[in-house]
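The values are calculated or read from the model by the stated rules, or taken from the named source; none is laboratory data. As the structure is a computational prediction, the values presented were derived from the model and not from experiment. Ideal geometry is used to build each Cβ from the backbone, glycine not excepted, and the neighbour counts take in all protein chains shown. Side chains included, ligands, DNA and RNA excluded: accessible areas come from the protein's heavy atoms. Shrake-Rupley method; radii C 1.70, N 1.55, O 1.52, S 1.80 Å.
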Amino acid sequence: SRPAIYSAIPPDKALEPLRRKLFDEVSETIDRLKLMYASTKTISRFNMILLRGDRAYKAIMDLVERARRDLLARIFYLPSQVLMELVERLRGLKQRNIQTYFYVDARVLRREVPLDQLEEMLKELGGSTFTALVPLSFICADFERLLVLYASPENPSECYGFLVHGFEEVGKIIRDQLVGERASLESS
């Protein structure tokens, strides 16, 4: 008989669990990187290449084609034609029995591709959704090379990215984390 009254939760209370989770993840990563740094006698150097426009999108396809063992692809936004070409190449990896870790943030991506089609891609490729805290459009790694790309949905031709070579040590940490997450999901 009484109407429900709703009020906003203070931001510090609403976001505290997220802050705690992020802090824990960053702390764990720092600890692992400290161990890795302490165990090496030389300072690793990365070879980084800046890519713009079509070259950045082409680098995605090259990285996928060169994957030999496994591949991570996290997508916040890609233009539909680039996404469709990427999905085709990921299907090829699947046929070659290369392990893929495929994640999409459907909030922005569904402007390019209908949600039911995104869900079908995820099901076919064994992928899942995630919520991007930092809106990098695309992160892809074969755990030897890393490609980080930013493209604005308003102007996707003006994208840019960084292709990093010599990523093996950090890639091993990321791969181990992903394998552990997948194993715990499969056992539950």
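Data table
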{"item": "Counted residues, the stretch 62-94 - those being more than 14 Å from the chain's Cα centre (by Cα) and open to solvent by 10 Å² or more (accessible area, probe 1.4 Å)", "result": "15"}
{"item": "Residue in the stretch 149-157 that is at pLDDT 85 or above, of a type in the set (D, E, K, R), open to solvent by less than 70 Å² (accessible area, probe 1.4 Å) and in a loop (DSSP other than H, G, I, E, B) present", "result": "no"}
{"item": "Test: residue in the stretch 76-89 that is closer than 17 Å to ALA56 by Cβ and β-branched (Val, Ile, Thr)", "result": "yes"}
{"item": "Failed criterion for ASN97 (all others in (1) closer than 24 Å to PHE162 by Cβ; (2) out of contact with any helix residue (DSSP H, G or I) (no Cβ under 9 Å at 6 or more places or on another chain); (3) not in a helix (DSSP H, G or I) hold)", "result": "(1)"}
{"item": "Residue list for the stretch 100-111, filter: in a strand (DSSP E or B) and not hydrophobic (A, V, I, L, M, F, W, C)", "result": "THR100, TYR101, TYR103"}
{"item": "Criterion: open to solvent by 40 Å² or more (accessible area, probe 1.4 Å), at pLDDT 85 or above and touching a Gly at 6+ places or on another chain (Cβ under 9 Å) - qualifying residue of TYR160, TYR101", "result": "TYR160"}
{"item": "Any hit, the stretch 36-55, residues being surrounded by 14 or more Cβ atoms within 10 Å (Cβ to Cβ), in contact with a helix residue (DSSP H, G or I) (Cβ under 8 Å, 6 or more places away or on another chain), in contact (Cβ under 8 Å) with a residue 60 or more places away in the chain and part of a loop (DSSP other than H, G, I, E, B)", "result": "no"}
{"item": "Filtered residues of the stretch 112-142 (kept if out of contact with any helix residue (DSSP H, G or I) (no Cβ under 9 Å at 6 or more places or on another chain), in a loop (DSSP other than H, G, I, E, B) and surrounded by fewer than 16 Cβ atoms within 10 Å (Cβ to Cβ))", "result": "PRO114, PHE130, VAL134"}
